[in-house]
Amino acid sequence: MEMHNDYIESNALKNNPLNDKFKREIIRIENNVKDSTPVFIGLAGFFGSAGSFMNKSYTNIDFYGVLEKLKEKYGFVIILPDTMTYYRGNQYLNSPAVGNYEDFLTSELIDYIRKKYGKRDIYLFGKSSGGFGSIMLSIGHRDIFKGFIDVSGDSYFTYSYMQDFPTAYSVLKKGGLEMFLKEFNNKFTHTQDELAAMNVIAMSAFYSFNDKGFDLPFNLTDGSLNEEIWNKWLMHDPVKVLQQKFRNIQGKKIILQTGIYDEYKMYIGMNMIHNILNEKNIEHKYMEYPAGHFNTNHFYLDSFPEILKNY
């Protein structure tokens with residue numbers, strides 16, 4: 001198993017509104033590559049990026065440890081793109097408030113893969129925001145991706161996101177949005193409440209952007225929900241999107257995995273996606289585990305072989 005580091009100078013990310021870098025690192029892991037070996041693009045969870053997949057753990061199996069267990073039996077190519085932003089994460093959509101990350105992934109990264117490996121099957125995988133990106137990009141680009149692994153992806157926003165709104169409101173009302181961002185960037189550590197507020201800010205930048213930036217889903221004066229803005233968020237909820245666009249993933253290899261003790265209640269949305277796919281007679285694999293939202297790399301020991309056994 002070999003690991004390489006490359007870079008893509010992205011035209012899609014040039015002149016992005018946050019002045020984030022447009023030259024992006026790509027971590028590439030190869031094992032026993034043959035003509036038929038598939039490529040997997042890994043999308044990191046929020047507050048993470050390409051390098052997060054390489055974090056070493058001495059208490060739980062880490063992602064590299066998963067690949068070590070798979071390498072004797074399977075060949076694979078893993079592509080891990082850096083997608084970090086000023087808002088500390090990514091939802092893998094195009095947004096005039098953040099940048100054209102969907103274009104970066106579905107055009108420029110795909111071109112990079114084709115030049116390296118030629119035409120072959122490409123899959124997406126990821127947890128949390130990465131799971132969200134995996135299913136949403138698969139729905140939006142049916143001709144590119146052969147399938148996806150969605151691990152506890154952001155879904156059923158009413159439960160998974162709205163629980164953070166009161167916390168974010170309490171944090172942001174003190175000094176306003178600009179003051180919060182300035183202080184956040186100057187701090188060496190952050191409270192869980194501050195991280196929740198940053199998460200809501202980032203989701204707003206991807207889901208409810210406007211000509212000048214983005215709108216929060218609640219009123220900063222009294223915390224009341226802004227229904228119009230909230231409905232913009234819901235238009236991106238995979239549970240809602242699938243009802244209309246389920247045909248886009250017919251015939252794909254679909255694997256859904258979640259922990260039944262997920263702290264963000266993602267297991268509810270994941271189960272709803274599972275039920276929708278059943279109702280639409282779309283073949284897929286759904287797996288539940290006695291686990292929470294974190295330390296779930298061992299899930300991939302079940303999902304990767306489900307795809308790789310066919311190669």
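The values are calculated or read from the model by the stated rules, or taken from the named source; none is laboratory data. This is a predicted model, so every value here is computed, not measured. Note that each Cβ is placed from the backbone with ideal geometry, even for glycine, and that neighbours are counted across all protein chains shown.
Descriptive notes on the structure:
- Close contacts from region 70-92, counting a first residue that is assigned to a loop (DSSP other than H, G, I, E, B) and a second that is of a type in the set (D, E, K, R) and surrounded by fewer than 20 Cβ atoms within 10 Å (Cβ to Cβ), with Cβ to Cβ under 6 Å and a gap of 6+ residues or different chains, come to G75/K34; D82/E25; T85/D20; Y86/D20.
- Contacts under 7 angstrom Cβ, first residue in region 288-311 being within 19 Å of Y123 (Cβ to Cβ) and among the hydrophobic types (A, V, I, L, M, F, W, C), partner modelled with pLDDT of 95 or more and surrounded by fewer than 19 Cβ atoms within 10 Å (Cβ to Cβ), 6 or more apart: F299/Y289; L301/V66; L301/K69; F304/L70; L308/Y74
- Number of the exception - D237 against (1) touching a strand residue (DSSP E or B) at 6+ places or on another chain (Cβ under 8 Å); (2) surrounded by 19 or more Cβ atoms within 10 Å (Cβ to Cβ): (1)
- Picking from residues in region 91-103 that are of a type outside the set (D, E, K, R) and closer than 14 Å to G140 by Cα, the one that is surrounded by the most Cβ atoms within 10 Å (Cβ to Cβ) is Y101.
- Residue match in region 199-210 (condition: farther than 26 Å from S152 by Cα and either buried (at least 22 other Cβ atoms within 10 Å of the Cβ) or of a type in the set (K, R) (or both)): no
- In the set (1) under 16 Å from the mean Cα position of the chain (by Cα); (2) part of a loop (DSSP other than H, G, I, E, B); (3) surrounded by fewer than 18 Cβ atoms within 10 Å (Cβ to Cβ); (4) polar (S, T, N, Q), S52 fails one condition alone, (2).
- Test for L277: is it in contact with a strand residue (DSSP E or B) (Cβ under 6 Å, 6 or more places away or on another chain), within 23 Å of L93 (Cβ to Cβ), in the same structural domain as S129 (by TED's automatic domain parsing) and not in a loop (DSSP other than H, G, I, E, B): no
- Qualifying positions in region 101-124 - in a helix (DSSP H, G or I), closer than 14 Å to V39 by Cα and touching a residue at least 24 places away in the same chain (Cβ under 8 Å): L105, T106, L109, I110, Y112, I113, K116, Y117
- Check on S155, under 21 Å from F47 (Cβ atoms) and not acidic (D, E): yes
- Residue match in region 18-26 (condition: at pLDDT 95 or above, surrounded by 15 or more Cβ atoms within 10 Å (Cβ to Cβ), under 24 Å from P305 (Cβ atoms) and not hydroxyl-bearing (S, T, Y)): no
- Filter result for F47 (in a loop (DSSP other than H, G, I, E, B) and in contact (Cβ under 8 Å) with a residue 40 or more places away in the chain): yes
- None of E288, E279 is of a type in the set (D, E) and in contact with a helix residue (DSSP H, G or I) (Cβ under 8 Å, 6 or more places away or on another chain) except E288.
- Scanning region 293-311 for residues that are in a loop (DSSP other than H, G, I, E, B) and either under 17 Å from the mean Cα position of the chain (by Cα) or crowded, with 21+ Cβ neighbours inside 10 Å (or both) yields a total of 4.
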